[in-house]
Amino acid sequence: MFDTKKVEIQWGGKTLTLETGRVARQADGAVIATLGETVVLCAVTAAKTVKEGQDFFPLTVHYQEKFSASGRIPGGFFKRERGATERETLISRLIDRPIRPLFPEGFYNEINCIAQVLSYDGENEPDIVAMVAASAALTISGVPFMGPIGAARVGYKDGEYQLNPTDGEVAEGELDLVVAATHDAVMMVESEAKELSEEVMLGAVMFAHKASQQIIDAIIDLAEQSAKDPWELAPVDDKSATMAKLKKAIGKDVEAAYKLTDKQARQNALNAARTKAREAFADLKESDPAQYLGTLKLVKKLEADVVRGAILKSGRRIDGRDTKTVRPIAAEVHFLPRAHGSALFTRGETQTIATTTLGTRDAEQMIDGLNGLSYQHFMLHYNFPPYSVGEVGRFGAPGRREIGHGKLAWRALHPVLPSKEEFPYTIRVTSDITESNGSSSMATVCGGSLSLMDAGVPLKRPVSGIAMGLILEGKDYAVLSDILGDEDHLGDMDFKVAGTSEGITSLQMDIKIAGITEEIMKVALAQAKDGRAHILAEMNKALGETRTELSAHAPRIETMQIDKSKIRDVIGTGGKVIREIVATTGAKVDIDDEGVIKISSSDGAQIEAAMNWIKGIVEEAEVGKIYNGKVVNIVDFGAFVNFMGGKDGLVHVSEMKNERVEKPGDVVTEGQEVKVKVLEIDPRGKVRLSMRVVDQETGAELEDTRPAREPRGERSDRGPRRDGGRGGDRGGDRGGDRGGDRGPRREGRGPRRERSEGGAKEGGDEGDAPAFAPAFLTGDRD
């Protein structure tokens with residue numbers, strides 16, 4: 001029933017299988033790629049006709065991760081995969097970027113390339129497998145794809161390159177680099193690195209290229225068994241005569257336009273030349289519409305020829321610079337008064353307003369993916385409104401390009417951020433592009449770095465970025481530093497490098513031709529290093545190092561560690577205690593399973609209050625130590641004071657002052673703040689406190705001026721015990737009243753203890769409490 005074809009190779013110590021003919025047989029090309037137990041299906045379909053008037057190549061790549069692939073059910077209300085996540089969008093771009101340049105010019109048939117993750121083993125990442133499956137499916141489909149391509153991920157640890165490392169190995173290593181390439185040249189690079197040198201980065205690219213060649217050979221083997229007949233392409237018309245006529249009509253106008261250094265003036269002049277071309281060939285619009293449209297497309301080629309020729313011949317670029325000069329830079333920090341950190345970064349006609357916002361743990365981004373729930377504490381969002389290029393257009397949710405540019409800047413800044421333990425904040429950087437004429441993503445890197453430093457985020461080092469371009473004609477080439485928008489559109493390469501003074505943190509390359517050589521990459525990396533150093537020097541003029549203080553508007557976060565056994569005490573039944581702490585102090589309190597507590601507020605007093613409260617819950621009182629407390633209850637014999645958040649102790653009336661106190665209410669009131677010293681903690685945990693030995697103004701300990709006590713039960717001058725009294729003169733005033741008024745002893749209470757067993761303390765005339773006082777006199781507050 002199935003005509004299954006399969007190819008199997010050993011790749012990086014693992015088995016890679018490519019299979020076709022059993023699934024999705026109605027697609028033009030369908031391949032199941034398996035690496036370990038990660039399985040990806042990619043199906044390619046292509047329209048057999050071109051829509052009338054279409055003059056672009058409508059290639060669409062969709063990458064989708066099925067939650068069932070890792071044995072999970074999607075979260076949320078709908079419980080099914082819905083719109084593309086950020087990760088799916090980025091991987092869709094990762095597949096699209098290397099395959100798009102490999103279709104012939106003038107091929108406008110619509111193509112859908114859909115890759116779905118069917119199984120994920122948690123070890124072999126599906127993005128590389130999806131790129132391999134897409135390349136294989138296109139190769140066997142019969143569409144005019146000038147591939148195949150191979151792909152590989154490379155890590156770097158302890159001076160050694162790693163082929164297709166796991167997530168854990170990437171986290172422990174210094175590099176996460178993805179390369180797509182043909183058999184002869186590199187097509188695409190995407191990477192994040194921990195300040196690695198140009199030599200190490202180039203070596204990683206070449207290592208990946210070599211590994212990808214094994215994939216290409218396997219795809220060719222599969223194609224020899226199962227490829228469909230190639231499509232018949234219409235012969236390409238000879239347009240040399242039309243180009244000559246077009247050049248005669250507007251050639252000088254285009255040359256003059258590209259000598260204008262101002263972008264808007266240049267665009268106006270080019271639009272005038274394009275209008276002139278439409279008028280020159282207006283007769284074809286009615287007689288031969290197809291040729292008319294083809295002629296107008298040649299205008300773009302004429303513009304490219306003018307720009308490329310001038311650069312290769314004279315080294316002079318559109319705005320008058322040579323190939324290595326960076327445009328003028330202006331940088332300013334603390335641009336916005338209420339933002340936690342902000343910067344205005346301008347390079348030529350490209351400008352961004354970058355802001356940094358600091359938040360607490362509950363502001364982290366929750367990500368629901370194949371690996372389960374995870375939390376991201378650093379976010380970077382890139383916005384590109386249409387006014388930044390002087391156009392009218394859609395404004396709203398970010399598109400694929402904005403998500404991709406934001407992720408590139410994220411990769412550039414992420415390696416220099418402090419760890420969560422060093423800086424326990426959630427960080428969000430936004431980049432709003434206000435002007436754009438090339439390399440807005442690298443402006444985001446520079447502006448983002450400055451805004452982070454302005455916010456007080458302790459970066460390892462500042463980061464700058466630069467976009468490089470390439471003009472390649474045969475064996476002649478020119479590498480351009482800090483490219484303009486037109487140089488990007490009309491050139492052959494977009495090569496972006498970001499890093500610190502110590503090394504590269506991110507590298508991205510997209511090629512519009514059939515790949516570039518190692519020699520060109522080496523030149524581009526060396527030239528980019530010089531450009532980065534220049535930009536860093538200009539940034540340092542605005543802010544050379546991270547601010548030592550956070551913004552007054554940013555929350556403060558203090559971290560404390562408690563014993564795991566105390567976590568439930570801090571949280572309380574149903575969260576009662578922690579909610580009370582938050583409501584009373586105004587600070588935000590987060591606690592994790594390891595006992596790490598983060599307390600945040602923009603008011604330092606609120607943080608201190610919450611910390612003291614928690615310390616009172618988890619710490620044990622120390623005899624002889626002085627604490628701040630609050631009177632919570634007044635009784636006849638003294639006052640109960642809450643002095644460690646959840647702990648109460650008794651200040652007996654005799655310990656309130658050094659002179660006689662008739663009533664506790666004469667000295668303290670409920671709610672009054674007092675300073676107390678712990679005198680004693682009995683075996684049952686009951687705490688006896690004193691106010692009289694503490695200076696209530698300063699909290700300093702005072703000398704105890706009372707005479708030393710005699711041993712209990714040894715005084716010879718003690719008179720007979722008064723009826724109903726409990727000691728000394730108290731029988732006549734307080735003790736006698738309490739004894740006489742209380743009536744007969746309850747039945748079953750048992751005989752009174754002998755006086756010698758718990759004799760009264762010395763100084764009965766001062767109203768000391770007997771040592772045999774019941775628990776409610778000296779215990780914790782109920």
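The values are calculated or read from the model by the stated rules, or taken from the named source; none is laboratory data. Everything quoted here is computed from the prediction, not taken from an experiment. Here the Cβ positions follow ideal geometry from the backbone for every residue, glycine too, while neighbour counts run over all protein chains shown. SASA here: full protein model, heavy atoms, side chains in, ligands and nucleic acids out. Shrake-Rupley method; radii C 1.70, N 1.55, O 1.52, S 1.80 Å.
See the values below:
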| quantity | calculated |
| --- | --- |
| Relative packing of 118-129, 346-357, which averages over residues the other C-beta atoms within 10 Å, highest first | 346-357, 118-129 |
| Computed over the stretch 438-499: relative contact order in percent, which uses C-alpha pairs under 8 Å that are six or more apart | 38 percent |
| Alpha-carbon centroid distance for the pair the stretch 20-64 / the stretch 270-286, whole angstrom | 39 Å |
| The stretch 217-368: relative contact order as a whole-number percent, Cα under 8 Å and 6+ apart | 14 percent |
| Neighbourhood charge, 13 Å Cβ-Cβ cut-off, centred on GLY586 and excluding it, Lys, Arg +1 and Asp, Glu -1 | 0 |
| Relative contact order of the stretch 305-366, pairs being alpha-carbon contacts under 8 Å that are 6 or more residues apart, as % | 19 percent |
| Solvent-accessible area, 1.4 Å probe, carbon plus sulfur percent, for the chain | 49 percent |
| Whole-number accessible area per residue in Å² for the chain, which is evaluated in the context of all protein chains at 1.4 Å | 48 Å² |
| Protection proxy ranking, peptides 41-47, 576-582, average beta carbon neighbours within 10 Å, highest first | 41-47, 576-582 |
| Over the stretch 560-662, equivalent-ellipsoid semi-axes from the Cα gyration tensor in Å | 30, 14, 13 |
| Ordering of 433-439, 664-670 by packing [mean C-beta count within 10 Å, highest first] | 433-439, 664-670 |
| Translational diffusion of the chain, µm² s⁻¹ [Kirkwood Rh, Cα pairs; Stokes-Einstein; 20 °C; 1.002 mPa s] | 66 µm²/s |
